[in-house]
Amino acid sequence: MAGSWKDQFADAPDVLKSAPEQKTVVRVGEIAIGGGEFVTMAGPCSVETERQLMETAERVAAAGARVLRGGAFKPRTSPYAFQGLGLEGLRLLARARAATGLAVVTEVMAAADAPLVAEYADILQIGSRSMENYALLEAAAHTGKPILLKRGMVATIVDLLRSAQCLLSHGNPNVVLCERGIRTFDTALRNTFDIGAIVVMQQIARLPVIADPSHAAGRGELVPPLARAAVAAGADGLIVEVHPHPDQAWSDGEQSLTFAEFDTMMAELAPWCALRERHRAALETVA
Ligand code: PEP
Ligand code: MN
């Protein structure tokens with residue numbers, strides 16, 4: 001007799017729900033990711049200057065974001081591109097947190113850097129290119145900080161859940177999954193946004209699921225509609241790139257929103273978030 005389709009996720013036993021409504025709530029200060037509130041993380045792709053970061057932090061906070069994003073250690077497609085400010089970037093992020101009350105999410109790229117990044121960040125981001133770096137996952141898990149685990153661009157859902165299992169098995173239950181688009185034959189968008197992955201993970205995994213429409217879209221004008229789709233699919237939150245002057249950004253400017261575009265997106269998402277709230281049980285529970 002054929003097994004259940006859920007058998008394919010058997011390598012990630014602790015990630016799976018053992019009861020339909022079971023859900024991990026990842027707490028970051030006052031913020032409860034997966035706890036019902038829709039949580040938006042926003043900020044520049046890279047931390048560039050104090051002014052750029054402070055201005056962005058203030059504006060995204062005013063628009064309703066709860067978490068400030070910004071890369072200090074940057075994995076870049078080209079080895080000749082800007083690689084991030086490193087420690088100085090972490091210090092600027094901490095300053096922006098102090099000024100605005102936003103929590104901070106930033107990427108850690110190397111196992112050896114995990115303790116340092118954890119000193120400054122509230123959430124450690126594991127980037128797409130690092131999703132299967134098990135030494136990094138172990139080091140990140142051991143910091144005890146909540147972890148935002150982004151799906152690798154050629155990773156299946158099973159692969160992503162397996163990496164989450166690795167974090168859990170190293171004693172860190174506070175993991176947030178992130179769909180950010182995958183590589184397919186289609187090149188119209190930077191990546192193919194896998195809405196189905198959001199739906200499936202909300203149904204089977206106990207961990208919160210957020211979406212990154214920026215890296216999926218690759219173009220600013222496509223970010224708000226993809227964000228709307230993510231909310232309708234049942235995502236618990238978003239991570240979005242915002243920059244004071246996208247045309248001058250040191251990385252990912254073409255997919256970054258201006259402050260005005262971010263304000264509009266947040267305002268237009270509100271009714272969709274209310275709908276999501278009303279249908280939350282259905283979005284998260286296998287029939
Ligand atoms: C980022 O968040 O800026 C980033 C590099 O994302 P990803 O790892 O999804 O490419
Ligand atoms: Mn980016």
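The values are calculated or read from the model by the stated rules, or taken from the named source; none is laboratory data. As the structure is a prediction and not an experimental result, all values here were calculated from the model. Cβ: placed from backbone, ideal geometry, glycine included. Neighbour counts: every protein chain shown.
Points worth noting:
- Residues that are charged (D, E, K, R) and either away from ligand 1 (no atom under 16 Å from the Cβ) or within 14 Å of Gly101 (Cα to Cα) (or both) within the range 37-66 comprise Glu37, Glu50, Arg51, Glu55, Glu58, Arg59, Arg66, listed in sequence order.
- Filtered by the rule that a residue be away from ligand 2 (no atom under 16 Å from the Cβ) and without any contact (Cβ under 8 Å) to a residue 40 or more places away in the chain, the range 210-234 gives Glu221, Pro225, Ala229.
- Test result for Leu257, at negative phi, of a type outside the set (Lys, Arg), within 16 Å of ligand 2 (Cβ to nearest atom) and within 17 Å of the chain's Cα centre (by Cα): yes
For (1) within 13 Å of ligand 1 (Cβ to nearest atom); (2) under 27 Å from Arg59 (Cα atoms); (3) hydrophobic (A, V, I, L, M, F, W, C), each residue gets a yes or a no:
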| site | (1), (2), (3) |
| --- | --- |
| Phe185 | no, no, yes |
| Val200 | no, no, yes |
| Gln203 | no, no, no |
| Pro213 | yes, yes, no |
| Ala217 | yes, yes, yes |
| Ala235 | no, yes, yes |
| Glu241 | yes, yes, no |
| Pro246 | no, yes, no |
| Ser251 | yes, yes, no |
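- Checked against (1) part of a helix (DSSP H, G or I); (2) out of contact with any helix residue (DSSP H, G or I) (no Cβ under 7 Å at 6 or more places or on another chain); (3) closer than 21 Å to His215 by Cβ; (4) not polar (S, T, N, Q), Phe262 passes all but a single condition, namely (2).
- Long-range neighbours under 7 Å by Cβ, at least six apart or interchain, first residue over 23 Å from Phe38 (Cα atoms) within the range 176-187, second loosely packed, with under 14 Cβ neighbours inside 10 Å: Ile182/Val154; Arg183/Val154
- Residue match in the range 239-249 (condition: of a type outside the set (A, V, I, L, M), within 21 Å of Leu149 (Cα to Cα) and at pLDDT 95 or above): yes
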